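Undergrad: Shown below is the structure under consideration.
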């Protein structure tokens with residue numbers, strides 16, 4: 001039986017974090033060995049709600065951003081000897097009930113990384129400026145590494161323990177595009193699963209308080225990391241695998 005660790009980055013999500021944790025399904029073909037909430041300097045009752053719901057809470061003691069929470073979560077999952085790591089947002093816009101679908105391609109050895117695509121699935125509500133930004137950054141990521149994906153920014157992902165160990169995320173802001181670029185250069189197989197994306201019921205996005213700032217930071221991250229990997233691949237051809245295996249499941 002595969003051991004699955006669910007990692008949930010969170011900041012001030014007391015109204016939804018409990019629902020997300022309690023919705024994580026228990027099925028016979030995999031075991032959720034740990035649920036880890038990465039608390040990013042919360043000021044509400046997120047920590048106590050998550051703990052009472054059965055999760056282990058790790059405080060990053062900083063506000064470096066989602067990338068730092070992601071790195072912390074991967075390290076925790078690796079220490080727990082998880083076979084599969086799932087990341088999902090704390091705001092309940094993704095459905096935790098979809099975790100079996102997200103990990104299915106990994107269980108059948110059809111993928112190393114699975115992205116839960118909102119654009120291949122159904123989006124209940126997304127502001128136009130955010131939708132356009134997602135489309136733009138996905139197009140850029142797809143063009144840079146020849147990965148035919150539809151949602152490079154999704155926060156609902158699954159990966160094998162080998163991926164979790166080998167990923168190198170250097171940004172302090174967001175990890176989403178950088179993870180795909182790094183994984184593609186390392187030859188991991190990436191597939192997408194259509195998922196439902198619900199309307200946000202409480203609060204607002206903690207990641208994108210300012211669209212202009214987000215855009216500039218993401219562009220800087222993508223360009224810097226792509227150039228870094230391209231330079232590495234040119235110096236060491238084996239660093240960029242010829243197996244950029246991608247597709248739909």
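The values are calculated or read from the model by the stated rules, or taken from the named source; none is laboratory data. Note that this is a predicted model, so its numbers are computed, not measured. Cβ placement follows ideal geometry from the backbone for every residue including glycine, while neighbour counts extend to all protein chains displayed.
Undergrad: Within region 145-177, can you find the residues that are farther than 26 Å from residue 40 by Cβ, touching a helix residue (DSSP H, G or I) at 6+ places or on another chain (Cβ under 7 Å) and surrounded by fewer than 19 Cβ atoms within 10 Å (Cβ to Cβ)?
TA: Scanning region 145-177 gives a single hit, 148.
Undergrad: Taking the conditions exactly as written (assigned to a helix (DSSP H, G or I), modelled with pLDDT of 75 or more and either surrounded by fewer than 20 Cβ atoms within 10 Å (Cβ to Cβ) or touching a helix residue (DSSP H, G or I) at 6+ places or on another chain (Cβ under 7 Å) (or both)), does residue 227 satisfy them or not?
TA: no
Undergrad: With the structure loaded, tell me whether residue 101 is surrounded by fewer than 19 Cβ atoms within 10 Å (Cβ to Cβ), in contact with a strand residue (DSSP E or B) (Cβ under 6 Å, 6 or more places away or on another chain), more than 19 Å from residue 182 (Cβ to Cβ) and touching a residue at least 24 places away in the same chain (Cβ under 8 Å) or whether it fails that test.
TA: Details: surrounded by fewer than 19 Cβ atoms within 10 Å (Cβ to Cβ): yes; in contact with a strand residue (DSSP E or B) (Cβ under 6 Å, 6 or more places away or on another chain): yes; more than 19 Å from residue 182 (Cβ to Cβ): yes; touching a residue at least 24 places away in the same chain (Cβ under 8 Å): yes.
Criteria met by residue 101.
Undergrad: Scan region 4-17 and tell me whether some residue there is in contact with a strand residue (DSSP E or B) (Cβ under 6 Å, 6 or more places away or on another chain), over 27 Å from residue 163 (Cα atoms) and in contact (Cβ under 8 Å) with a residue 24 or more places away in the chain.
TA: Residues of region 4-17 in contact with a strand residue (DSSP E or B) (Cβ under 6 Å, 6 or more places away or on another chain): 4-10, 17.
Imposing the further condition that a residue be over 27 Å from residue 163 (Cα atoms) reduces the set to none.
So far as region 4-17 goes, no, none of its residues is in contact with a strand residue (DSSP E or B) (Cβ under 6 Å, 6 or more places away or on another chain), over 27 Å from residue 163 (Cα atoms) and in contact (Cβ under 8 Å) with a residue 24 or more places away in the chain.
Undergrad: Could you look through region 18-34, keep only residues that are crowded, with 18+ Cβ neighbours inside 10 Å and touching a strand residue (DSSP E or B) at 6+ places or on another chain (Cβ under 7 Å), and pick out the one that is nearest to residue 105 (Cα to Cα)?
TA: Filtering region 18-34 down to residues crowded, with 18+ Cβ neighbours inside 10 Å leaves 18, 20-21, 24, 30, 32, 34.
When the remaining residues are screened for being touching a strand residue (DSSP E or B) at 6+ places or on another chain (Cβ under 7 Å), the result is 20-21, 24, 30, 32, 34.
Details: 20: 22, 21: 23, 24: 18, 30: 13, 32: 17, 34: 20 Å.
Only one residue tops the list, namely 30.
Undergrad: Give me a count of the residues in region 35-60 that are modelled with pLDDT of 95 or more, part of a loop (DSSP other than H, G, I, E, B) and crowded, with 22+ Cβ neighbours inside 10 Å.
TA: Going through region 35-60 one residue at a time, the tally reaches 1.
Undergrad: Something else about it: When you check residue 78 against the structure, is it under 17 Å from the mean Cα position of the chain (by Cα), surrounded by fewer than 16 Cβ atoms within 10 Å (Cβ to Cβ), at negative phi and not in a strand (DSSP E or B), yes or no?
TA: Values: under 17 Å from the mean Cα position of the chain (by Cα): yes; surrounded by fewer than 16 Cβ atoms within 10 Å (Cβ to Cβ): yes; at negative phi: yes; not in a strand (DSSP E or B): yes.
Yes.
Undergrad: Of the numbered conditions (1) surrounded by fewer than 23 Cβ atoms within 10 Å (Cβ to Cβ); (2) under 20 Å from residue 98 (Cα atoms); (3) without any contact (Cβ under 8 Å) to a residue 60 or more places away in the chain, residue 72 satisfies every one except a single condition; which is it?
TA: (2)
Undergrad: Go through the residues of region 235-249 one by one and say whether even a single one is assigned to a helix (DSSP H, G or I), buried (at least 19 other Cβ atoms within 10 Å of the Cβ) and either within 15 Å of the chain's Cα centre (by Cα) or modelled with pLDDT under 90 (or both).
TA: Within region 235-249, the first condition is being assigned to a helix (DSSP H, G or I), and the residues that meet it are 235, 237-239.
Add one more test, that the residue is buried (at least 19 other Cβ atoms within 10 Å of the Cβ), and what stays is none.
There is no residue in region 235-249 that is assigned to a helix (DSSP H, G or I), buried (at least 19 other Cβ atoms within 10 Å of the Cβ) and either within 15 Å of the chain's Cα centre (by Cα) or modelled with pLDDT under 90 (or both).
Undergrad: Then there is this: Looking at region 1-14, can you tell me whether even one residue there is assigned to a helix (DSSP H, G or I), on the phi < 0 side of the Ramachandran plot and surrounded by fewer than 23 Cβ atoms within 10 Å (Cβ to Cβ)?
TA: Just the residues of region 1-14 that are assigned to a helix (DSSP H, G or I), to begin with: none.
Looking through region 1-14, none of the residues is assigned to a helix (DSSP H, G or I), on the phi < 0 side of the Ramachandran plot and surrounded by fewer than 23 Cβ atoms within 10 Å (Cβ to Cβ).
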